[in-house]
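Peer 1: Here's a structure for you.
Taken together, the values in this text are just the output of simple stated rules run on the coordinates, not laboratory data. Computed from a predicted model, the values in this text were never measured in an experiment. Here the Cβ is made from the backbone with ideal geometry for all residues, glycine too, and neighbour counts use every protein chain on show.
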Amino acid sequence: MKELLNQLDKLHTTELGVFRIKRNLELDDQIDPVEYCKMKISDEKTNITKTGKNFYATTAKEIITVNVSKLSIITAHKVKN
């Protein structure tokens, strides 16, 4: 969805968000979770939907939740198979 893609530079998260994203996606401490999410969201294979107050960016393995108004990454988690 272009609305989110056009504002990738504004994406951010809280300290708690950093913790949640790293834990849920099992990211190495060396990986910046915001940059990781931006990379995943911008991938052409990612499906972006808007439901209510959130965007959902779904890859083959992950779902990233972004608040529409604040452009804050709320959480990310692995897709359950």
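Peer 1: Net charge near residue 79, counting Lys/Arg +1 and Asp/Glu -1 over other residues with Cβ under 11 Å of its Cβ?
Peer 2: It works out to a net charge of +2.
Peer 1: What area, in nm² and to one decimal, does the C-alpha convex hull of the chain cast on average over all directions? Before the final figure, lay out each step's value.
Peer 2: Numbers: hull surface 20.4 nm².
It is 5.1 nm².
Peer 1: Net charge near residue 60, counting Lys/Arg +1 and Asp/Glu -1 over other residues with Cβ under 11 Å of its Cβ?
Peer 2: On the way: positive: 40, 45, 61, 78; negative: 43, 62.
Neighbourhood net charge equals +2.
Peer 1: Another question, if that's okay. Note down the net charge around residue 29, summing +1 for each Lys or Arg and -1 for each Asp or Glu among other residues with Cβ under 15 Å from its Cβ. Mind dumping the intermediate values first?
Peer 2: Working: positive: 20, 22, 23; negative: 15, 26, 28, 32, 35.
Here the charged neighbours net out to -2.
Peer 1: To the nearest 20 debye, what is the magnitude of the charge dipole of region 2-78 about its Cα centre, counting +1 on the Cβ of each Lys and Arg and -1 on the Cβ of each Asp and Glu? Could you put the intermediate results ahead of the total?
Peer 2: On the way: 13 positive and 11 negative charges, 78 e Å.
Rounded to the nearest 20 debye, it is 380 debye.
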